[in-house]
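Following: one structure in structure tokens, then a few remarks.
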Amino acid sequence: MYTRDDAYAVLTEFTRSESLIKHALAVEAAMRAYARKFGEDEEKWAIVGLLHDFDYEIHPDMERHPIKGGEILRQRGWPEEIIRACMSHAPYTGIKRESNMEKAIFACDELCGFLVACALVRPSRSFDDMEVKSVRKKLKDKAFARTVNREEVYQAAAEFNVDLDEHIEFLIQSLRPIQEQLGLRKISDMQQTA
């Protein structure tokens with residue numbers, strides 16, 4: 001069985017972009033938190049979070065990502081369940097999301113990226129004081145983080161059968177412990193230096 005360290009090695013082998021690595025870490029944390037909530041295999045779900053975009057830098061288009069990434073993982077002997085979940089995060093692959101893990105990766109991917117973007121423009125640059133209502137307001141602003149597909153955010157929450165506000169709050173909570181790894185700050189750290 002492959003480990004989180006194996007997945008991280010694959011991620012960093014194919015990904016040089018610091019922002020893409022941070023995105024993978026954010027989705028990993030969200031997936032791990034949801035696995036814990038549902039009593040699922042945390043390691044497996046975390047691996048999917050780390051690997052879902054590992055090939056994006058070398059295949060930055062819909063014709064190849066994540067399909068070519070799936071081929072790479074298959075050649076290296078990764079389990080089909082992991083490969084399928086990674087590929088299912090992209091709606092255009094045509095892979096129907098069936099398992100909770102597949103629905104979770106779709107639900108966490110776009111929203112994690114959006115939440116980090118929201119935190120980066122906050123005066124605190126932190127998740128510590130982020131509220132759901134401010135995230136919802138930013139979702140309505142089409143000019144903000146315009147590469148985030150809003151329709152996918154709404155569709156993913158519906159497929160995952162979670163209330164969007166509860167999903168946003170859950171992800172904020174799951175990202176707080178790693179916010180410094182994501183280039184954000186803890187408010188308690190800022191208060192100590194003030």
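The values are calculated or read from the model by the stated rules, or taken from the named source; none is laboratory data. What you see is a predicted model; the values in this text were computed from it and never measured. Here the Cβ positions follow ideal geometry from the backbone for every residue, glycine too, while neighbour counts run over all protein chains shown.
Condition first: more than 22 Å from GLU151 (Cβ to Cβ) and buried (at least 20 other Cβ atoms within 10 Å of the Cβ). Now tell me which residues in region 51-71 satisfy that.
LEU51, PHE54, ASP55, GLY69, GLY70
For region 15-40, how many residues meet the condition of being in a helix (DSSP H, G or I), surrounded by fewer than 18 Cβ atoms within 10 Å (Cβ to Cβ) and touching an Asp or Glu at 6+ places or on another chain (Cβ under 8 Å)?
Result for region 15-40: 2.
Go through VAL10, VAL27 for me and flag whichever is farther than 22 Å from VAL148 by Cα and of a type in the set (Val, Ile, Thr).
The conditions single out VAL10.
Working carefully through the options ILE172, ILE95, find the one that is among the aliphatic types (A, V, I, L, M) and assigned to a loop (DSSP other than H, G, I, E, B).
ILE95
Between residues in region 50-63 that are over 14 Å from ILE21 (Cβ atoms) and residues that are of a type outside the set (Gly, Ala, Ser) and assigned to a loop (DSSP other than H, G, I, E, B), which pairs lie under 7 Å by C-beta distance while being six or more apart or on different chains?
HIS59/HIS65
So which pairs qualify, if the first residue must be in region 159-175 and touching a residue at least 24 places away in the same chain (Cβ under 8 Å) and closer than 17 Å to ARG32 by Cα, the second must be of a type outside the set (Asp, Glu) and not in a helix (DSSP H, G or I), the Cβ gap must be under 6 Å, and the two must be at least 6 apart or on different chains?
Short answer, once both residue conditions are applied: ILE172/PHE127; ILE172/MET130; LEU175/PHE127.
Run down ASP189, ASP165 and say which single residue is modelled with pLDDT under 95, in a helix (DSSP H, G or I) and charged (D, E, K, R).
ASP189
Looking for something surrounded by fewer than 20 Cβ atoms within 10 Å (Cβ to Cβ), closer than 28 Å to LEU184 by Cα and among the acidic types (Asp, Glu) - is there at least one such residue anywhere in region 42-50?
yes
Between a first residue in region 71-92 that is more than 20 Å from GLU28 (Cα to Cα) and a second residue that is in a helix (DSSP H, G or I), which pairs have beta carbons less than 7 Å apart while being 6 or more apart in sequence or on different chains?
Between residues of region 71-92 that are more than 20 Å from GLU28 (Cα to Cα) and residues that are in a helix (DSSP H, G or I), the close pairs are ARG74/ILE83.
Can you find even one residue in region 130-151 that is at negative phi and touching a residue at least 60 places away in the same chain (Cβ under 8 Å)?
Scanning region 130-151, I find no residue that is at negative phi and touching a residue at least 60 places away in the same chain (Cβ under 8 Å), so the answer is no.
Restricting to region 130-168, name every residue that is within 19 Å of ALA24 (Cα to Cα) and surrounded by 13 or more Cβ atoms within 10 Å (Cβ to Cβ).
Within region 130-168, ALA145, VAL148, ASN149, GLU152, VAL153, ALA156, HIS167, ILE168 meet the criteria.
Checking the condition among the small types (Gly, Ala, Ser) and closer than 20 Å to LEU51 by Cα, which residue from ALA156, ALA119 passes?
After ruling out the rest, the residue left standing is ALA156.
So which of ALA143, ALA46, ALA107 is among the hydrophobic types (A, V, I, L, M, F, W, C), at pLDDT below 95 and either closer than 21 Å to ILE168 by Cα or touching a Ser or Thr at 6+ places or on another chain (Cβ under 7 Å) (or both)?
On inspection, the qualifying residue turns out to be ALA143.
Pick from region 97-121 the residues that are over 18 Å from SER19 (Cα atoms) and without any contact (Cβ under 8 Å) to a residue 24 or more places away in the chain: which of them is surrounded by the most Cβ atoms within 10 Å (Cβ to Cβ)?
GLU102
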